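Asks: Can you keep this structure in mind? I'll have questions shortly.
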Amino acid sequence: MKLVVGLGNPGSRYEGSRHNVGFMVIDLLARRKSIDAFRRRFHALLGQAGISGEQVLLAKPLTYMNRSGYAVRAIAGWYGVAISDIMVVVDDMALGPGHIRMRPKGSDGGHNGLKSVTALLGSEEFPRLRVGIGRPGPAEDAVTYVLEWFTRGELATMPEALGRAADAVEAWVAYGIDEAMNRFNG
């Protein structure tokens with residue numbers, strides 16, 4: 001069993017914000033797999049799908065970004081999901097809007113959601129998929145920037161980026177991290 005967790009903030013106030021691209025990828029995967037409803041369990045909205053013959057849990061933590069690790073730890077613990085079988089999908093200011101990058105492990109890179117997941121799993125050894133949201137302007141605060149909605153120009157790049165991100169997750173499930181990185185990084 002694999003677990004794919006999209007990080008974001010719950011509630012309509014944050015829906016469509018840059019910080020919620022992880023939720024957007026989970027929503028796209030759910031639509032592709034005809035998951036109509038998520039259940040509220042383990043501090044998250046949780047769905048289950050078959051991808052390439054593998055059972056995959058799709059999760060959107062309801063704990064807010066900075067406490068995402070509580071949901072990830074609870075789900076992984078209950079279902080016995082190995083750390084290497086947890087894919088975390090997050091926004092990334094270091095990547096331009098529309099770009100994605102998958103890694104088998106790594107630091108939190110200053111991302112508070114990844115910091116929470118790393119702390120509560122006690123490991124950096126989980127795969128992650130970063131979806132680019134670009135950087136704020138010089139006079140703009142990073143926190144304000146990530147919580148804002150995409151601009152019209154950024155929105156034009158997001159459907160393709162979200163589709164590629166969902167494709168990358170499906171490739172990870174089907175072929176493993178190395179093959180998924182070869183296909184989607186670059």
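Bear in mind that the values in this text are calculations on the coordinates, not laboratory data. Keep in mind that this is a model prediction, so the values were computed, not measured. As a convention, Cβ positions derive from the backbone with ideal geometry for all residues, glycine included, and neighbour counts pool all protein chains shown.
Asks: For Lys105, give me every one of the lysines with a C-alpha distance below 26 angstrom, ignoring sequence neighbours fewer than eight places off in its own chain.
Replies: The qualifying lysines are Lys2, Lys60, Lys115.
Asks: May I pose another question? Could you please state, rounded to a whole Å, how far the C-alpha centre of the range 109-162 is from the C-alpha centre of the range 34-86?
Replies: 19
Asks: If you count, for each residue, the other Cβ atoms within 10 Å and average over each peptide, how do 84-90, 102-108, 168-174 line up from highest to lowest? It would help to have the intermediate numbers written out before the result.
Replies: Values: 84-90: 23.3, 102-108: 15.4, 168-174: 21.4.
Top to bottom by mean Cβ count within 10 Å: 84-90, 168-174, 102-108.
Asks: Can you give the relative contact order of the range 81-186 as a percent, counting alpha carbon pairs under 8 Å and 6+ residues apart?
Replies: Values: 144 pairs, mean separation 38.6, N = 106.
After rounding, I find 36 percent.
Asks: Considering amide H positions built from the backbone, and no H for Pro or chain starts, which residues 5 or more places from Arg41, or on another chain, come under 5 Å of its amide H?
Replies: Hits under the 5 Å cutoff: Leu46.
Asks: From the residues Ile86, His99, Leu46, which one has its Cα farthest along the dipole of the range 2-184 in the positive direction, the dipole being from +1 and -1 charges on Cβ of Lys/Arg and Asp/Glu about the Cα centre?
Replies: Leu46
Asks: Then there is this: Given points 7 Å out from each Cα along the Cα-Cβ axis, report the Ala156 to Ser34 separation in nanometres with one decimal.
Replies: That separation, rounded to one decimal, is 3.6 nm.
Asks: Which percent, nearest 5, of DSSP beta bridges in the chain are antiparallel? Please list the in-between numbers first.
Replies: Numbers: 16 of 29 bridges.
Approximately 55 percent, going by the DSSP bridge assignments.
Asks: Where does the chain land at 222 nm, in deg cm²/dmol rounded to the nearest 500, when only DSSP H runs of n ≥ 4 count, each adding -39500 (n - 2.57), divided by all residues?
Replies: On the way: 6 runs with 72 residues, N = 186.
So the calculated ellipticity at 222 nm is -12000 deg cm²/dmol.
Asks: What residue among Arg130, Arg13, Arg67 has the largest mean-square fluctuation in a Gaussian network model of the chain, using Cα springs under 10 Å?
Replies: With Cα springs under 10 Å in the chain, the top fluctuation among Arg130, Arg13, Arg67 is at Arg13.
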